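The values are calculated or read from the model by the stated rules, or taken from the named source; none is laboratory data. Note that the coordinates shown come from a computational prediction; the quantities given were computed from them, not determined experimentally. So basically every Cβ, Gly included, is an ideal-geometry build from the backbone, and we count neighbours across all protein chains shown. Surface areas here come from the heavy atoms of the whole protein model, side chains and all, with no ligands, DNA or RNA. Shrake-Rupley method; radii C 1.70, N 1.55, O 1.52, S 1.80 Å.
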Amino acid sequence: MSDSVIEVRNLKKYFSVPGGQLHAVDDVSFTIEKGQTLGVVGESGCGKSTLGRTIIHLLDSTGGQILLNGKDITKLNAHQLKEARSNMQIIFQDPYSSLNPRMTVGEIVSEPLMLSGRYNKKQISEESDRLMDLVGIEERLRNSYSHELDGGRRQRVGIARAIALKPEFIVCDEPVSALDVSIQAQVLNLLMDLQDSIGLTLMFVTHDLSVVRHISSHICVMYLGQMVEKAETEELFTRPMHPYTKALLSAIPSVDIHHPSKRVLLKGEITSPINPKPGCRFYSRCPYATEKCKEPQELHEISPEHFISCCRAKEI
Amino acid sequence: MESKFLQVRDLQIEYTSGKQVIHAVNGVSFDLERGKTLGMVGETGAGKTSIAKSIIGVLPNPPARITGGEILLDGKNLLEASEEEMLKIRGNQISMIFQDPMTALNPLMTIGDQIAEAIELHSENAGKHAAKEQAIKILKMVGITEERYEEFPYQFSGGMKQRVVIAIALSCNPELLLADEPTTALDVTIQAQVLDMMNDLRRRLNSAMILITHDLGVVAEMCDDVAVVYAGEIIEKGTKEDIFDHPTHPYTNGLFGSLPMMAVGEKRLHPINGMMPDPTNLPKGCKFSPRCPYATDDCRTGQIVLDEITPGHFCRCIRNSKEAHNV
């Protein structure tokens, strides 16, 4: 018996578009254990945000299962889903568009408390005070509107709203990408503190590999809707196995001016996710591609707890 | 005595918004030699883009106004040049790569025509035909095949569009290239391709470049010199080695401390407290003092100057100046 909070099995999310089926998330499986953080990385269009939104059921899944504490949430009715939602939340990328401009900070933080029906008026006001204090928003901003706040404070409001009902699981969808580095560090510290103090389990979606290395215990790398590699964080950064992961890691500009990173430059750009061919989706850009790569690739364990979907990983 | 290629002296820029005056750039000075790259780092609103736009003369006036200083290109003050003269300089001697490739291109013109247009306007003897040939050559140089000449921007991905924007900027072999966050909108693997290409082309043309970015990793890979901008002032400048090996100003140190990459193995990051000061109401004395852990009364009241702490390495901080001169 494991204490996984979230377990995703063969999750699929396809969109119908002119020209066929867009495979945004294709057969993704993973588990996140209590108190851990799974980082999901990949480039724009790889399906990482869709994955996050599908897991907390903002989007209906096309296939597969999502187990929250062992219960499949893809089959819940509206009432049960509302219950489940209080246990899983999301923090969005853009703190500028994810807060209602016509609500004050206090109202935004109180809204989930009110909707839950668990609190009376006095408790709501006490609880929202506590939440604002917890995320570091000054009491004097209670009656301000979101447009009066800077990006960092807005994101703190978004975090307060997400943790209001004491969820166990939160999807963070690029929560610091829109922020300057010094503010980004403040928000990351806040998220890590909250994780320690209230025992959150996080899924952290980002394209910023240095952020993900810092905050995650495990990382999965996505490419065109599929998971290509999954491992414990330090293992992935020190021994990347998939050619795409290798290229991705080498592309991070290094701040070490005396030991510049050796780049693996990729040819071309990400190919279309509409009606993809059955073989490896990285085929057209991969420097090691062979005929064998045109066959479907299986995610397999290459060393303990290190999974990869590349048939040539052992040779290269 | 040979004068420097680009000299910016005590540049001051204000924006007016209603009755408020925003002090965007407050006395910025720096030099740049041919073939060198200067990295300009700082947070949103530090004034980096205003500096670049004032050099190429596209600062929108109003609301912006250059209230002082000079910008000398080969000894000629660009701020005194007429619009007619600037038209010749812009795109020819100086060109700029904008941050957002999605909005920098004309959606109703083919990619090829947009490049050819720049060439036709700026080379004296280029007819339509010669311009097209040249445009194809440049397109190939940035790694786009000739077949795509007749396509429109919407048919290109973000990385490809940024290549086109770079192709236009380089079409007239500029002596000075201003790159404003050229890869911020791109994914890392595409960013690596574009940076590689920019480096290659710049070396071939021996252009000088000002690279504006907030990404210290990009600076480390691309630049010779670095200027750190905060609230419209340069607070530290020097060679890349000066800044990366001996960051001296508390703000520069704060920027490095905020980087998750630098803190591997360390759980907490060391962010800078607070945030950028309100540019309509800048603090007296050191503009960083409200956020600085070392601030004293002298910092809050005194006039803090950019002081040379080691040859070529300048820092605007009295704490460091004192230490440097006592030692």
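Here is a check on your reading of the model: is A:LEU67 within 22 Å of A:ALA162 (Cβ to Cβ), of a type outside the set (Lys, Arg), assigned to a loop (DSSP other than H, G, I, E, B) and in contact with a strand residue (DSSP E or B) (Cβ under 9 Å, 6 or more places away or on another chain)? It would help to see each step written out before you state the result.
On the way: within 22 Å of A:ALA162 (Cβ to Cβ): yes; of a type outside the set (Lys, Arg): yes; assigned to a loop (DSSP other than H, G, I, E, B): no; in contact with a strand residue (DSSP E or B) (Cβ under 9 Å, 6 or more places away or on another chain): yes.
For A:LEU67, the condition - within 22 Å of A:ALA162 (Cβ to Cβ), of a type outside the set (Lys, Arg), assigned to a loop (DSSP other than H, G, I, E, B) and in contact with a strand residue (DSSP E or B) (Cβ under 9 Å, 6 or more places away or on another chain) - is not met.
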**Message:** What's the number of the only condition in (1) assigned to a loop (DSSP other than H, G, I, E, B); (2) within 27 Å of A:ASP173 (Cα to Cα); (3) open to solvent by 10 Å² or more (accessible area, probe 1.4 Å) that A:PRO253 fails to meet?
**Reply:** (3)
**Selection status of A:GLN155, open to solvent by less than 10 Å² (accessible area, probe 1.4 Å) and touching a strand residue (DSSP E or B) at 6+ places or on another chain (Cβ under 9 Å)** = yes
**Fill in**
When A:GLY106 is run through (1) more than 29 Å from A:LEU67 (Cα to Cα); (2) within 12 Å of another protein chain (Cβ to nearest Cβ), the failure sits at (2)
**Fill in**
Scanning segment A:276-316 residue by residue, those among the β-branched types (Val, Ile, Thr) and either open to solvent by 80 Å² or more (accessible area, probe 1.4 Å) or part of a loop (DSSP other than H, G, I, E, B) (or both) turn out to be A:THR290, A:ILE316
**Message:** Could you check segment B:277-292 and list, in sequence order, the residues that are assigned to a loop (DSSP other than H, G, I, E, B) and surrounded by fewer than 21 Cβ atoms within 10 Å (Cβ to Cβ)?
**Reply:** B:PRO277, B:ASP278, B:THR280, B:ASN281, B:LEU282, B:PRO283, B:LYS284, B:GLY285
**Message:** Residues that are in contact with a Phe, Trp or Tyr (Cβ under 9 Å, 6 or more places away or on another chain) and either outside any helix (DSSP H, G or I) or open to solvent by 30 Å² or more (accessible area, probe 1.4 Å) (or both): does segment A:71-87 have at least one?
**Reply:** yes
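Based on this model, can you work out whether A:GLU229 counts as more than 27 Å from A:ILE274 (Cα to Cα) and over 14 Å from the mean Cα position of the chain (by Cα)?
The answer is no for A:GLU229.
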**Prompt:** Across segment A:244-265, which residue is farthest from the chain's Cα centre (by Cα) among those that are hydroxyl-bearing (Ser, Thr, Tyr) and at pLDDT 80 or above?
**Reply:** A:SER254
**Prompt:** Looking at (1) more than 17 Å from A:HIS306 (Cβ to Cβ); (2) within 14 Å of chain B (Cβ to nearest Cβ); (3) touching a Pro at 6+ places or on another chain (Cβ under 9 Å); (4) open to solvent by 10 Å² or more (accessible area, probe 1.4 Å), which is the only condition A:ALA247 fails?
**Reply:** (4)
**Request:** Select the strands (runs of 3 or more DSSP E) contained entirely in segment A:165-238, then report the ones holding at least 2 residues which are at pLDDT below 90 and within 13 Å of chain B (Cβ to nearest Cβ).
**Result:** none
**Neighbours by Cβ (under 8 Å, 6+ apart or cross-chain): first from segment A:176-200, open to solvent by 40 Å² or more (accessible area, probe 1.4 Å); second among the hydroxyl-bearing types (Ser, Thr, Tyr) and not in a helix (DSSP H, G or I)** = A:SER177/A:THR206; A:ALA178/A:TYR96
